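Here's the structure we're looking at; comments come further down.
No value in this document is a laboratory result; all are computed from the given coordinates. Just so you know, these numbers come straight off a predicted model, no measurement behind them. Here the Cβ positions follow ideal geometry from the backbone for every residue, glycine too, while neighbour counts run over all protein chains shown.
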Amino acid sequence: MTMKTNPAIKECQHFLVDIDGTITDYREGATATDKLLHGNFLFPIIRDMMMEKGWKKDVAEQEIRKLADKVVFWDYPDFIAEFELSAKEAFHRMRQWHRDNLIIYHETVKLVKSLANEGKKLFIMSNNPYTGCMFKLQVAGLADNDFSSPYFCRIFGTNILRGCKGVPDVWQRAIAQIPAELSDICVIGDNPYEDGDIPRQCGINHSIIIPRKTIAPGALVLGTEQ
Ligand SMILES: [Mg+2]
């Protein structure tokens with residue numbers, strides 16, 4: 001059964017769509033440990049921009065870590081503001097990082113566009129903060145460079161929902177922002193636990209899980225209803 005012929009696609013009007021592993025993925029080696037700072041792939045860009053303004057490397061890294069720990073549900077603009085960096089330049093470099101390091105699952109992009117064209121209401125449900133979601137959607141052609149999207153009503157990122165999708169409360173906070181019955185909501189994702197089991201615990205019975213690990217990136221994607 002393809003995703004497009006899945007009964008939930010017809011029955012539901014509201015879709016919560018995952019990004020990582022569903023719409024985009026990282027190229028091999030893109031998130032290798034030695035390229036990360038505090039476990040994050042964009043913090044090195046923040047650090048480099050700080051160093052260009054005269055910060056010492058170790059102090060810059062320490063301050064980034066400190067802010068990430070202090071603002072638990074941070075987004076990248078928190079760092080741009082705190083360290084008085086150019087948003088234009090930071091966004092330019094971050095966008096370029098995504099262009100260089102992401103692959104796109106074109107079948108999911110097509111599905112998103114066709115659902116939106118049918119008038120379905122789409123929401124992003126992701127473990128990225130808002131601007132992180134937007135960079136990925138921009139690369140996939142699903143958002144504009146000004147951080148708006150013609151395809152998604154809302155972007156539920158970690159800083160919006162205050163947490164990641166492995167926590168039922170986070171799903172409850174998303175559900176509380178969607179004016180629909182639970183039976184009218186469907187999740188599209190690649191993680192059977194985070195995109196299937198946890199939302200099901202919260203009453204969302206429709207999940208389409210893409211078995212991504214077994215399929216080559218870019219291949220025709222098949223979906224199974226959980
Ligand atoms: Mg995922």
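Give me the angle, in degrees from 0 to 90, between the Cα long axis of helix 130-139 and the longest principal axis of the Cα atoms of the chain, rounded to the nearest 10.
The angle comes out at about 70 degrees.
Select from Pro150, Pro44, Pro129 the residue whose mean-square fluctuation is largest in a Gaussian network model of the chain (Cα-Cα springs shorter than 10 Å).
Of the options given, Pro150 has the highest mean-square fluctuation.
Among Met51, Met125, rank each residue by its count of other Cβ atoms within 10 Å, from fewest to most, as a rough exposure measure. Can you show the working numbers first?
On the way: Met51 14, Met125 26.
Result, fewest neighbours first: Met51, Met125.
Please say if the stretch 97-223 is rounded, prolate or oblate, where rounded means a/c under 1.5 for a ≥ b ≥ c the square roots of the C-alpha gyration tensor eigenvalues, and otherwise the choice is prolate for a/b larger than b/c and oblate otherwise? Write down the numbers at each step before the final one.
Values: a/c = 1.42, a/b = 1.22, b/c = 1.16.
Since a/c stays below 1.5, the shape of the stretch 97-223 is classed as rounded.
Once the Cα atoms of helix 87-101 and of the chain are each reduced to a long axis, what angle between those two axes, in degrees from 0 to 90 to the nearest 10, is obtained?
So the inclination is approximately 60 degrees.
Calculate how large, on average over all directions, the projected area of the Cα convex hull of the chain is; give the answer in nm² to one decimal. Please list the in-between numbers first.
Working: hull surface 48.0 nm².
Averaging across all directions leaves 12.0 nm² for the Cα convex hull.
Let me make sure I get this right: for the stretch 108-179, a, b and c are the square roots of the gyration tensor eigenvalues over alpha carbons, sorted descending. Under 1.5 in a/c it's rounded, otherwise prolate if a/b > b/c, else oblate. Which is it? Don't skip to the answer; put the middle values down first.
Numbers: a/c = 2.14, a/b = 1.37, b/c = 1.56.
Taking the square roots of the gyration eigenvalues as a ≥ b ≥ c, the stretch 108-179 is oblate.
Given springs between every Cα pair under 10 Å in a Gaussian network model of the chain, which of Gly39, Gly54, Gly141 has the largest fluctuation?
In the Gaussian network model the winner is Gly54.
So if the hydrodynamic radius of the stretch 33-100 is defined as the Kirkwood radius over C-alpha pairs, what does Stokes-Einstein give as its diffusion coefficient at 25 °C and 0.890 mPa s, in µm² per second?
Numbers: Rh = 12.1 Å.
Once the numbers are plugged in, D ends up at 203 µm²/s.
To the nearest 10 degrees, how steep is helix 106-117 against the longest Cα principal axis of the chain, on a 0 to 90 scale?
Here the helix axis deviates by roughly 70 degrees.
Go ahead and set up a Gaussian network model of the chain, Cα springs under 10 Å, then flag whichever of Asp75, Asp34, Asp100 fluctuates most.
Between Asp75, Asp34, Asp100, it is Asp34 that shows the largest mean-square fluctuation.
Alpha carbon centre of the stretch 12-44 versus the stretch 83-134: separation in Å?
10 Å
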